[in-house]
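What follows is a set of notes on a single structure, which appears directly below.
The values are calculated or read from the model by the stated rules, or taken from the named source; none is laboratory data. Keep in mind the model is a prediction, meaning the values are calculated, not measured. Every residue, glycine among them, receives a Cβ derived from its backbone with ideal geometry; neighbour counts consider all protein chains shown.
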Amino acid sequence: MSWNPEQYHKFKADRLAPFNDLFSLIKVREGLSVLDLGCGTGELAVVLSEKLPMSRVTGVDSSPQMLEKAMAHSSGRVEFKLGDVASLSGEWDLIFSHAVLHWIEDHPALIPCILEHVKPGGQLAVQVPSNHYHPSHTCIIAAASEEPFKAALGGWVRHSPVLEIDQYARILHGCGTTEFTVMEKVYPTYLPEAGAIAEWTKGTTLVPYFERLPLELHEQFVERYRELLREALPRGPILFTFRRILFAALKQAE
């Protein structure tokens, strides 16, 4: 997908809180080889290198637009490469993935695949949005199911592959991880009115819809989406309750 770094960073501070919570689940050690899977514009890869003493961080992302921004943060301890889950290679002391894996299907197969690239005794730490039952997401699907958008999209809509927290716990247990934590947390954001949610999702959830819709329908689609949000949520200032799943696991040492 084609990402717009500027649009994505409009809510940069709101996206930082779950990063900090995910980092708190990591067992910090010196000299780790770290893979930041889906590093985006690279700022958080730098934070990882600062918080993990004597460690080397490799940021990987499939978006050339994001990596172009990330390269400015390269250093002796941080490097960036174009790639994705399918191109993973080698083994790492820590694989850290912040708000990325919800774009990839089949999590029961995906999580074990990623764990194969964690060294024995190493760690996996993942955060994914789990807000797909909120109007911020359901109203996108509703708009896409109306004309003229339905015909332009060929009936396509995107349903989140994110699982429930107990399912992730069972997957991690089935992979033989010795210690794991799985949790879900609400991150509140205060917005002036329901339609403002569209500014948030324009940098994330709406991206694959924009890629499939002709340019002349983009603004019409967003406006219909805003209308549906205003119908589904209270008038005036709102509390945008954003749910996220965080999990971390320690791979069994040999």
- Task: Please tell me if residue 50 is modelled with pLDDT of 95 or more, in a helix (DSSP H, G or I) and over 18 Å from the mean Cα position of the chain (by Cα).
- Result: yes
- Note on the structure: Residues of segment 163-197 being within 16 Å of residue 138 (Cβ to Cβ) and either surrounded by 19 or more Cβ atoms within 10 Å (Cβ to Cβ) or of a type in the set (S, T, N, Q) (or both), in sequence order, are 194, 197
- Note on the structure: For segment 192-230 the number of residues that are in contact with a Leu (Cβ under 8 Å, 6 or more places away or on another chain) and of a type in the set (D, E, K, R) is 1
- Being buried (at least 16 other Cβ atoms within 10 Å of the Cβ) and among the charged types (D, E, K, R) is the filter here, so list the residues in segment 26-55 that pass it. 36, 43
- Note on the structure: Checked against (1) basic (Lys, Arg); (2) touching a strand residue (DSSP E or B) at 6+ places or on another chain (Cβ under 9 Å); (3) within 21 Å of residue 47 (Cβ to Cβ), residue 69 satisfies every condition except (2)
- Message: Among the residues of segment 74-106, what is the count of those that are under 23 Å from residue 24 (Cα atoms) and assigned to a helix (DSSP H, G or I)?
- Response: 2
- Query: Which residues, taken from segment 224-250, are farther than 22 Å from residue 162 by Cβ and surrounded by 13 or more Cβ atoms within 10 Å (Cβ to Cβ)?
  - Reply: 224, 226, 227, 230, 238, 250
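Pick out, from segment 168-248, the helices (runs of 4 or more DSSP H) lying fully within it that include 3 or more residues that are without any contact (Cβ under 8 Å) to a residue 12 or more places away in the chain. If you could, list the steps in order and put the result at the bottom.
Values: elements: 197-201, 207-212, 218-232.
Counting at least 3 such residues, we get 218-232.
One line per residue, one yes/no per condition, for (1) more than 15 Å from the chain's Cα centre (by Cα); (2) crowded, with 21+ Cβ neighbours inside 10 Å; (3) at pLDDT below 95:
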{"site": "79", "(1), (2), (3)": "yes, no, no"}
{"site": "82", "(1), (2), (3)": "yes, no, no"}
{"site": "87", "(1), (2), (3)": "yes, no, yes"}
{"site": "93", "(1), (2), (3)": "yes, no, no"}
{"site": "105", "(1), (2), (3)": "no, no, no"}
{"site": "110", "(1), (2), (3)": "no, no, no"}
{"site": "115", "(1), (2), (3)": "yes, no, no"}
{"site": "118", "(1), (2), (3)": "yes, yes, no"}
{"site": "123", "(1), (2), (3)": "yes, yes, no"}
- Identify, by number, the condition in (1) out of contact with any helix residue (DSSP H, G or I) (no Cβ under 6 Å at 6 or more places or on another chain); (2) touching a residue at least 24 places away in the same chain (Cβ under 8 Å) that residue 39 doesn't meet. (1)
- Message: Exactly one condition in (1) touching a residue at least 60 places away in the same chain (Cβ under 8 Å); (2) closer than 21 Å to residue 180 by Cβ; (3) small (Gly, Ala, Ser) is false for residue 63; which is it?
- Response: (2)
